[in-house]
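Below is one structure; the comments refer to it alone.
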Amino acid sequence: MTHSIGIVETSSIAKGFEAADSMVKTANVELVEACAICPGKFLVVVVGGVADVKAAMAAGAGTAGETLVDQMELANVDSAVPEALRGVSAAVDINALGILETFTAASGVLAADAAVKAASVTIIELRLARGMAGKSFFTITGNVGAVKAAMEAAKVAATEAGLLVQAVVIPSPHEALKRLSL
């Protein structure tokens, strides 16, 4: 099944809850995330079929009204992205470590999707906006060449959105860093 991901960000926590409710009542989507984020905003993330996510996004944006800060819909998202959002990352052997940081949740998802589609890498973690002043980041691993290629694609995606903070590749991370990265 073709999957799509949708993100709605509101400036009101109360309206964010209401938008999340309208999204899941409107269409057959899975609510992956619905939470308060820094600085005092609310983030809603849904996945499902393309048409369902489109309908849910319209309902969420309509409910959010003037509190809508950002929204993003990405069709044909790589399945690794929603799994990483759910915290379902397989235990991996870290060869090279890539880390990319963005200013927003939506740009973090776009960049992570670009990375996993560009090269044979595994997402270790994808964190959206909580406790980071609205920023997001992801970590990936694979062989050095694949991580470098994936990070270049991710940097392009985040830069086109104007929301790249920083990206690094660590070719052979120390064992202590590997343990912290899992």
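The values are calculated or read from the model by the stated rules, or taken from the named source; none is laboratory data. These numbers come from a predicted model, not from an experiment. So basically every Cβ, Gly included, is an ideal-geometry build from the backbone, and we count neighbours across all protein chains shown.
Please verify whether segment 16-24 includes one or more residues that are within 20 Å of residue 134 (Cβ to Cβ) and without any contact (Cβ under 8 Å) to a residue 40 or more places away in the chain.
yes
For segment 6-23, state whether one or more residues are among the hydroxyl-bearing types (Ser, Thr, Tyr), touching a strand residue (DSSP E or B) at 6+ places or on another chain (Cβ under 6 Å) and surrounded by fewer than 22 Cβ atoms within 10 Å (Cβ to Cβ).
yes
Only one residue in 54, 41, 25, 15 is basic (Lys, Arg) and modelled with pLDDT under 95. Which one?
41
If we only count strands (runs of 3 or more DSSP E) wholly inside segment 28-87, which ones have 2 or more residues that are in contact with a helix residue (DSSP H, G or I) (Cβ under 8 Å, 6 or more places away or on another chain) and buried (at least 20 other Cβ atoms within 10 Å of the Cβ)?
29-37, 41-48
Of all residues in segment 114-166, which are of a type outside the set (A, V, I, L, M) and either in contact (Cβ under 8 Å) with a residue 60 or more places away in the chain or closer than 25 Å to residue 34 by Cβ (or both)?
Those that are of a type outside the set (A, V, I, L, M) and either in contact (Cβ under 8 Å) with a residue 60 or more places away in the chain or closer than 25 Å to residue 34 by Cβ (or both): 125, 127, 130, 131, 134, 135, 136, 137, 138, 139, 166.
Here is a check on your reading of the model: is residue 93 surrounded by fewer than 19 Cβ atoms within 10 Å (Cβ to Cβ) and not in a helix (DSSP H, G or I)?
yes
If you scan segment 83-129, which residues turn out to be over 16 Å from residue 166 (Cβ atoms), of a type in the set (Lys, Arg) and within 12 Å of the chain's Cα centre (by Cα)?
Listed by number, the list holds a single entry, 86.
Could you tell me how many of the residues in segment 126-172 are crowded, with 18+ Cβ neighbours inside 10 Å, at pLDDT 90 or above and part of a loop (DSSP other than H, G, I, E, B)?
Total satisfying the criteria: 0.
Taking the residues in segment 1-27 that are assigned to a strand (DSSP E or B) and under 11 Å from residue 60 (Cβ atoms) as candidates, determine which candidate is farthest from the chain's Cα centre (by Cα).
So the residue we want is 10.
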